[in-house]
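J.: Submitted below is the structure of interest, expressed as structure tokens.
Read-outs: derived from the displayed coordinates by stated rules, not from any lab. If you're wondering where the values come from, they're calculated on a predicted model, not measured in any experiment. Glycine also receives a Cβ, built like all others from the backbone with ideal geometry; neighbour counts cover every protein chain displayed.
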Amino acid sequence: MSPTSTNGTTANGAQKPTTGNEMLEAAHQARSKAISTLPDETFDWRITLEGKVIAITGANRGIGLGIAEVCLANSATKVYSLDLLEPTEEFNALSKRFNGRLAYIQTDVTQDASIQNAVDKIVEESGAIHGMVANAGMTKHQPALEFDRAQMDKLFNLNFFGVFSCCTIAAKKFIELGIKGSIVCTASKVGDGPNRAAPSAPYGGTKAAVRNIAKTLAMEWSKYGIRVNSISPGFVKTAMTYYVETAPDWDLKMQYYGGMPRLALPQELGGAYVYLLSDTASYTSGIDIPISGVVGAW
Ligand SMILES: NC(=O)c1ccc[n+]([C@@H]2O[C@H](COP(=O)([O-])OP(=O)(O)OC[C@H]3O[C@@H](n4cnc5c(N)ncnc54)[C@H](O)[C@@H]3O)[C@@H](O)[C@H]2O)c1
């Protein structure tokens, strides 16, 4: 297939090069946008988000809100929640505690125009964007034989296409602004195996896909100084897992799962996100960090 055979344009709409000279010129321009991945000589090696503007999708509650709290506690200049729902009471209380450094932009991550609008608004308001946490997601627990196509489309639209779009839209903005941005995707421990507490094969598939693309995007975008990683939580205490502790055999299950016999607090994941979003992680890209208290030892 020739390089112009798909639609004859590049990702930013420019005409694709056809002749040898045009290709050389395009390669030269791509290299001239490359950014050194080395830290600045004056970098002080603290793990901090000082000066950073971070977007987190689905941060009005649950894991996203927990990540936001830990980012703010580690000096993030501003954290934006890009969420579909109106802010929760918990969200408003946290925003108040951090003097408005936590803000909300109504966003539907299944719609590219909505993500683009949110990213543009952040840059307009705060002058930059340094981090994108593609976190919004949903699950559906039922046996594989009962899933229909519409249910799977819904899961993949949010958990996979939504994440992919957040990554690419943020990356284009980082490149435009010449910022060494960091992207962290929320995957899941069930991205590499079954959830023994409740069957959810398509959900596991979306999370495996997220882990996979994070590695490839990390490879493709390192020349722009952009890092991409994923984090795979185990059981975390949120609306998504309300059912887990209500199971009559929960204590027995925990005994067999091994590890820490409890669910994680959303904030207990935050330190890993802060690290990956910080400049201290300048050589950390294309990895997945599993955080599951050794529960369900794999
Ligand atoms: N809770 C767990 O045990 C667990 C474990 C592993 C991975 N995860 C993953 O962590 C992420 C967060 O899960 P959670 O437990 O906090 O869930 P949650 O349901 O508590 O929160 C999800 C948030 O995403 C928002 N959202 C939903 N659709 C959206 C859309 N189209 N656009 C923007 N925002 C949207 C919701 O409004 C909500 O605020 C998900 O990707 C989930 O798959 C959760």
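J.: Given the rule -39500 (n - 2.57) for each run of at least 4 DSSP H residues, summed and divided by the residues of the chain, what is its mean residue ellipticity at 222 nm, to the nearest 500 deg cm²/dmol?
T.: About -11500 deg cm²/dmol.
J.: Using only Cα atoms, find the angle between the long axis of helix 201-221 and the longest principal axis of the chain, and express it within 0 to 90 degrees, rounded to the nearest 10.
T.: 30 degrees
J.: Moving on. Based on the Cβ-Cβ distance from TYR256 to ASN212, what FRET efficiency comes out when R0 is 35 Å, to the nearest 0.05?
T.: E(calc), rounded to 0.05, equals 0.75.
J.: For segment 232-247 and segment 139-211, what is the separation of their C-alpha centers, rounded to whole Å?
T.: Centre-to-centre distance over Cα atoms comes out at 17 Å.
J.: What does the convex hull of the Cα atoms of segment 256-298 come to per residue, in Å³, rounded to a whole number?
T.: Taking only Cα atoms, segment 256-298 has a hull volume of 74 Å³ per residue.
J.: Starting from the Cα of GLU146, step 7 Å toward the Cβ, then list every residue of segment 243-262 with an amide N under 20 Å from that point.
T.: It comes to 243-250, nothing else.
J.: Indicate the gyration tensor shape class of the chain (rounded, prolate or oblate), computed on the Cα atoms with a ≥ b ≥ c the square roots of the eigenvalues: a/c under 1.5 is rounded; otherwise a/b larger than b/c is prolate and the rest oblate.
T.: prolate
J.: Quick one: of LYS140/LYS237; LYS96/LYS223; LYS189/LYS253; LYS189/LYS215; LYS140/LYS180, which pairs are farther than 28 Å apart, Cα to Cα?
T.: As for pairs spanning more than 28 Å Cα to Cα, those are LYS96/LYS223; LYS140/LYS180.
J.: Around GLY204, with a cut-off of 13 angstrom between Cβ atoms, what is the net charge of the other residues, counting Lys and Arg +1 and Asp and Glu -1?
T.: My count for the surroundings of GLY204 gives +4.
J.: Enter the angle in degrees (range 0 to 90, nearest 10) between the Cα long axis of helix 112-126 and the first principal axis of the Cα atoms of the chain, meaning the one along which they spread out most.
T.: The angle comes out at about 80 degrees.
J.: Top mean-square fluctuation among LEU24, LEU82, LEU217, Gaussian network model of the chain, C-alpha springs under 10 Å?
T.: Per the Cα network of the chain with a 10 Å cutoff, LEU24 tops the list.
J.: Suppose R0 equals 25 Å. What FRET efficiency, 1/(1 + (r/R0)^6) with r the Cβ-Cβ distance, do ARG97 and GLU245 give to the nearest 0.05?
T.: Working from the Cβ atoms, E equals 0.35.
J.: Which of the three applies to segment 19-76, rounded, prolate or oblate, going by the alpha-carbon gyration tensor with a ≥ b ≥ c and a/c under 1.5 meaning rounded?
T.: oblate
J.: While we're looking at this one, here's another question. Among THR18, THR57, what is the fewest-to-most ranking by other Cβ atoms within 10 Å?
T.: With the sparsest Cβ surroundings first, the list reads THR18, THR57.
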